[in-house]
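The values are calculated or read from the model by the stated rules, or taken from the named source; none is laboratory data. Everything numeric in this text was worked out from a predicted model, so none of it was measured. Methodologically, a virtual Cβ is constructed for each residue, glycine included, from the backbone with ideal geometry; neighbour enumeration extends over all protein chains shown. Protein only, heavy atoms only, side chains kept; ligands, DNA and RNA dropped before computing areas. Shrake-Rupley method; radii C 1.70, N 1.55, O 1.52, S 1.80 Å.
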Amino acid sequence: MAKKAKTAKKAKTAKRTAKKTARSGGRTPRATPLRFAHPFFTTTPVADRAVSARTSTTSLAQFASDKLGIVPPPARNPLMELKDIIGQPGTDEIQQAGAIKFHVIGDTGRQGGDNSPQEQVAQAMTGDYDPAAGGHNPALLIHLGDVIYGHDKSKQYRDEFYRPYMKYPGKIIAIPGNHDGETFKGTDPVSLQEFRNNFCAPSAQVPSIAGDVRIFRETMTQPGVYWMLSAPFANIIGLYSNIAEGPGNLLGANGDDRQIKWLTKTLTSLRQSGDRKALVIATHHPPYSSGGHSPSKDMLAQIDKACNEAGVVPHAMLAGHSHNYQRYTRTTTLAGAQVQIPYLVAGCSGHAESSVTAATGQQMGETIFEKSLKGFGFLTMTANAAQLAIEMVETTNGVKTPFDKVMVDIASHGVT
């Protein structure tokens, strides 16, 4: 009986479909509405999915990779020497101090008023400087992207970048985030234009947009949107992971792989030169994430491939994008060696915070989820000849409090 009822139901459905088709002049009726708002919310493996008629793809990663923005070629060799940014005397002071410090922030964006979370982070970092401390001061600040959100970026740089860091004494270098690369007809038609105007300028000068005699910060003169900073005790590689909300990708539009080739070549050069300094790789999109945004697995595979081909392993990887703090320890075989690598998400430096799964040391594949925080703060990264230390300092509610710390042995790639 049940079988007959099902057959009758199918016949009725077919009859209704035929009537609808007839009423529409023979045209196929609209597709059945999707169960979920997100077309890729399914347990079906990507390889087994049918191509979506709505997106012409089988996954969000494919959809994003089909719509990648340009990755502008650098204006010159993407290698920056610390001495070219802070001067030779400052670099010598750091060498003599026996260690180098960096501040690291991500996803800022002024959130109203002089006591905004972004201002509180800036004030807390400013307190780490002492004019008499020489090379013990932070060398500079590294921004992990999403400096400016939304329309009219040229107008927003004054209040969302130059004013919040007006009293911060360190130089600031950056990689772009997806919002820095986004475009809007009329106000921001060219991807990355304002980021490049302010961080990749031909010469250093106080921009007219600053519009205030109290603002003395000059534009930076980075060679491009991806680069390597060579400094005493550490090399920092900054990569542009493109314009998608997620996932990130090191390719540019039309399959442009120049950034990936540069990364592989740069890592190979480090191995060939016998470089033994701490190596940190930074992207905007996080390879691992448990809140705010999804992880970028394809981008991680691109970086892993470059590391394997070059025979070089990073001592840490930094990212932003998710507006919270997260830290993972990955134990894996990379470049022929068994290593541990900390992956930190620090998109917690001013823009609206987002929820994150509580980290309890849970095993997640080859990673352990060590620590997380919904709140605001910044990283202090310190490297000497033997160790790399990365500390997260919380500034939520304007209170400066040490929250988390990880140590990496440079020779063994062991994490504590």
If you take the residues in the stretch 181-190 that are over 16 Å from Ala253 (Cβ atoms) and of a type in the set (D, E, K, R), which one is most open to solvent (accessible area, probe 1.4 Å)? Lys185
Hey, any hits in the stretch 274-287 for a residue that's out of contact with any Cys (no Cβ under 6 Å at 6 or more places or on another chain), in contact (Cβ under 8 Å) with a residue 40 or more places away in the chain, among the hydrophobic types (A, V, I, L, M, F, W, C) and at positive phi? no
Would you kindly identify the strands (runs of 3 or more DSSP E) lying entirely within the stretch 297-397 that contain at least 1 residues that are open to solvent by 50 Å² or more (accessible area, probe 1.4 Å) and in contact with a strand residue (DSSP E or B) (Cβ under 8 Å, 6 or more places away or on another chain)? 325-334, 337-346, 362-364, 367-373, 387-394
Some residue of the stretch 130-138 being crowded, with 21+ Cβ neighbours inside 10 Å, within 17 Å of Thr380 (Cβ to Cβ) and in contact with a strand residue (DSSP E or B) (Cβ under 8 Å, 6 or more places away or on another chain): yes
Do we have Asp114 as open to solvent by 10 Å² or more (accessible area, probe 1.4 Å), under 19 Å from Thr396 (Cβ atoms) and at pLDDT 95 or above here? no
Residues of the stretch 269-278 satisfying the condition of being surrounded by fewer than 24 Cβ atoms within 10 Å (Cβ to Cβ) and aliphatic (A, V, I, L, M): Leu270
Exactly one of these conditions fails for Pro223: (1) farther than 16 Å from Leu300 by Cα; (2) open to solvent by 10 Å² or more (accessible area, probe 1.4 Å). Give me its number. (2)
Check the stretch 161-171 and report whether any residue there is charged (D, E, K, R), under 23 Å from Asn249 (Cβ atoms) and more than 18 Å from the chain's Cα centre (by Cα). no
Would you confirm whether any residue within the stretch 64-73 is open to solvent by 60 Å² or more (accessible area, probe 1.4 Å), modelled with pLDDT of 95 or more, within 20 Å of the chain's Cα centre (by Cα) and β-branched (Val, Ile, Thr)? yes
Of all residues in the stretch 203-220, which are open to solvent by 40 Å² or more (accessible area, probe 1.4 Å) and either hydrophobic (A, V, I, L, M, F, W, C) or outside any loop (DSSP other than H, G, I, E, B) (or both)? Ala204, Val206, Ser208, Ile209, Val213, Phe216
Just give me the residues in the stretch 368-416 being within 19 Å of Gln120 (Cα to Cα) and of a type in the set (Val, Ile, Thr), in sequence order. Thr380, Val393, Thr395, Thr396, Val399, Thr401
Output the residue which, of all residues in the stretch 226-257 that are among the polar types (S, T, N, Q) and part of a strand (DSSP E or B), is most open to solvent (accessible area, probe 1.4 Å). Ser230
Subset of the stretch 151-178 [touching a Leu at 6+ places or on another chain (Cβ under 9 Å) and not aromatic (Phe, Trp, Tyr)]: Gly170, Lys171, Ile172, Ile173, Ala174, Ile175, Pro176, Gly177
Within the set of pairs 6+ apart or on separate chains, which have a first residue in the stretch 400-413 that is farther than 14 Å from Arg330 by Cα, a second that is of a type in the set (Gly, Ala, Ser) and crowded, with 19+ Cβ neighbours inside 10 Å, and C-beta atoms under 7 Å apart? Lys400/Ala124; Phe403/Gly377; Ile410/Ala278
